[in-house]
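First comes the structure, then the notes that go with it.
The values are calculated or read from the model by the stated rules, or taken from the named source; none is laboratory data. Predicted model only: the values in this text are computed from it and were never measured. Neighbour counts run over all protein chains shown; Cβ positions are idealised from the backbone, glycine included. The protein model used for the area step is the full one, side chains on, heavy atoms only, and it has no ligands, DNA or RNA in it. Shrake-Rupley method; radii C 1.70, N 1.55, O 1.52, S 1.80 Å.
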Amino acid sequence: MAGVSIYLRINILFCLTCIIFCVHNVRIYQHSVPVQEGAKMILSLSFEKSADTRENPSIVWYKTGVDVDTEIAKRKDTKLFTYASRINVSEDGNLMMDPVSRSDAGTYKCVVYIFDDSPTQGSNTTDVSVTYLDIPTISIPEEIMYGEELNIVCTIQDAHPQPLLEIYKSSKEVIANGTGTKLKYTTNVTQNDAGSYFCRASIKAEMKNSSIRYLYVTDSILWSGSVDNPTSFITALNGTSMYTYIFTMKKPM
């Protein structure tokens, strides 16, 4: 009986396409294509079998590990076995994930079994890279005195690949930028530093902004009142704006 010649073609569908051909017995070509978290990914399978074989193939998909391969889905004829609702195997053997999660990154292997052909199986592997980006956060004081040290910190919990972080003032002026998961901007504050701020994190596939925070810069404080007057006022001058705070004082014992 003629031997099985199995070809495995893997297409990762998200604007980019990756094609892998495998001939059973040694010939393996691998390629990595990044897929954005939340997108739909399809690993497409194609193969050839002997013309006289009567068996339909059994198709098993694995995610490979350091010590063991984990079976994630398989199909035999019309019977589908899968371990997550977002994972499916089509009748022609394609593996579909919708949506893709960052935990899906790794190496995948597909094994095709044809029991009345020889050799009985063929397989190939491909590496799947998933890009993802968390929402950044910005830390900034609500109020600060003129001349004091101002610290603005932009952080992001996780991203792949390494993100670009930028701190914006008034939605248009970039005052700091850098790569990594934390960016700090420090300056001695002036009235020109008053305004709105936000942080932006970006990778090639997407970008996300933090919430907007507003910074008030206080020029000086005028106080009036005495211990004989339990209700006193503090007036803070912020540029052309004036804010009045009411507080209560206690007489000394």
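For Gln157, only one of the following conditions fails: (1) open to solvent by 30 Å² or more (accessible area, probe 1.4 Å); (2) part of a strand (DSSP E or B); (3) more than 20 Å from Val217 (Cβ to Cβ). What is its number?
Failing condition for Gln157: (2).
In this structure, does Val111 turn out to be closer than 30 Å to Gln36 by Cα, of a type in the set (A, V, I, L, M), at pLDDT 90 or above and out of contact with any Pro (no Cβ under 7 Å at 6 or more places or on another chain)?
No: the conditions fail for Val111.
Which one is least open to solvent (accessible area, probe 1.4 Å), of the residues in the range 160-172 that are in a loop (DSSP other than H, G, I, E, B) and of a type in the set (Ser, Thr, Tyr)?
Result: Ser170.
Of everything in the range 202-221, what is of a type in the set (Gly, Ala, Ser) and outside any strand (DSSP E or B)? Give them in sequence order.
If we filter the range 202-221 for residues that are of a type in the set (Gly, Ala, Ser), which is where we start, we get 202, 205, 210-211, 220.
Across the range 202-221, the qualifying residues are Ala205, Ser210, Ser211.
When both residues are 6+ apart or on different chains and their Cβ atoms are under 6 Å apart, which pairs have a first residue that lies in the range 122-149 and is within 30 Å of Ile203 (Cα to Cα), and a second that is among the basic types (Lys, Arg)?
Hits for this filter: Thr125/Lys109; Val130/Arg102; Tyr132/Arg102; Leu133/Lys208; Ile135/Lys208; Ile138/Arg213; Ile140/Arg213.
Output the number of the condition that Glu91 fails; it satisfies all remaining conditions of (1) surrounded by fewer than 16 Cβ atoms within 10 Å (Cβ to Cβ); (2) under 18 Å from Thr125 (Cα atoms).
Among (1) surrounded by fewer than 16 Cβ atoms within 10 Å (Cβ to Cβ); (2) under 18 Å from Thr125 (Cα atoms), Glu91 violates only (2).
Spot the failing condition for Lys109; the list is (1) under 17 Å from Asp127 (Cα atoms); (2) open to solvent by less than 40 Å² (accessible area, probe 1.4 Å), and only one is missed.
(2)
Considering every residue within the range 129-141, establish whether at least one is hydrophobic (A, V, I, L, M, F, W, C), open to solvent by less than 20 Å² (accessible area, probe 1.4 Å) and assigned to a loop (DSSP other than H, G, I, E, B).
yes
Suppose we filter the range 28-67 for residues that are open to solvent by 80 Å² or more (accessible area, probe 1.4 Å) and modelled with pLDDT of 85 or more; how many remain?
Total meeting the criteria: 1.
Run down Tyr197, Tyr108, Tyr185 and say which single residue is assigned to a strand (DSSP E or B) and touching a residue at least 60 places away in the same chain (Cβ under 8 Å). Outline the logic, then answer.
Values: Tyr197 fails: touching a residue at least 60 places away in the same chain (Cβ under 8 Å); Tyr185 fails: touching a residue at least 60 places away in the same chain (Cβ under 8 Å).
Going through Tyr197, Tyr108, Tyr185 in turn, the sole match is Tyr108.
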